[in-house]
Amino acid sequence: MFKQFGGEIFDKIEEYESIINMKLPNDYKQFLVNTNGGQFVNELHTFWIEELKQEIGIDALFGFNNVRSLCLTSWYQEYIEDLPESTIIIGNTINAGLILLIWQDDWKGIFLWDHCLDVELSTEEDCLYRIADQFNLFYRLLFPTNKG
């Protein structure tokens, strides 16, 4: 089950965009407005990464939350030195790292960043795996029966 964080967050999205110095893609922004992120509870929830030929368990999609470990802003501030421009951390997995949204002019999508090298194929130089080209496609991997 996906337990949404909820709450009114319109002002928080604009404030966050100014902190990260980028405009969020519309599909991801709409997801935040509808849910404010959330956490998967009471069941193992997975998504498929074609490059790895592997299911990855997901824990949370971050929002604007008072709990530091579930807050978009906290993750951005913690990893700002490690992230390329126009990249934010939007969630985490159970054992294989962080979920990134990269929105650069020539490189866009949702990626798994196995920064702890938990995936067998990962190396320090090669630990980024494309999940989907857009957030709404990633959402459909997580919730195949829902429209997103």
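Take every Cα pair under 8 Å whose residues are at least 6 apart in sequence, average their separation, divide by the length of region 61-127, and the relative contact order is 19 percent. Is the shape of region 90-148 rounded, prolate or oblate, going by the alpha carbon gyration tensor and its root eigenvalues a ≥ b ≥ c, with a/c under 1.5 for rounded and a/b larger than b/c for prolate? Oblate. Taking packing as the residue-averaged number of other Cβ atoms within 10 angstrom, the listed peptides 8-19, 49-60 run from highest to lowest as 49-60, 8-19.
Going 7 Å from the Cα of LYS3 along its beta-carbon direction, which residues of region 42-76 have the amide nitrogen within less than 18 Å of the resulting point? What the label zone holds, given the 18 Å backbone N cut-off, is 42-46, 58-72.
Just check region 19-148 against the gyration tensor rule for me: Cα atoms, a ≥ b ≥ c as the square roots of the eigenvalues, rounded for a/c under 1.5, and otherwise prolate or oblate depending on whether a/b exceeds b/c. Rounded shape, in that the Cα axes give a/c under 1.5. Straightening the chain between LEU141 and VAL41 buys 34.3 nm, computed as 0.36 nm per residue apart minus the Cα-Cα spacing. Note on THR123/GLU50: beta-carbon distance plugged into 1/(1 + (r/R0)^6) with R0 of 22 Å gives a FRET efficiency of 0.70. The listed peptides 86-93, 69-76, ordered by packing as a protection proxy, come out as 86-93, 69-76 (highest mean of other Cβ atoms within 10 Å first).
Relative contact order, whole percent, for region 1-95 stands at 27, derived from Cα pairs under 8 Å and 6 or more residues apart.
Here the simple spin-label model places points 7 Å from the Cα toward Cβ, and for ASP105 and VAL33 these points are separated by 2.8 nm.
Bear in mind these aren't lab numbers, they're just calculated from the coordinates by the rules spelled out. Because the structure is a prediction, the values reported are computed rather than measured. Using ideal geometry, Cβ is built from the backbone for each residue, glycine included, and neighbour counts are taken over all protein chains shown.
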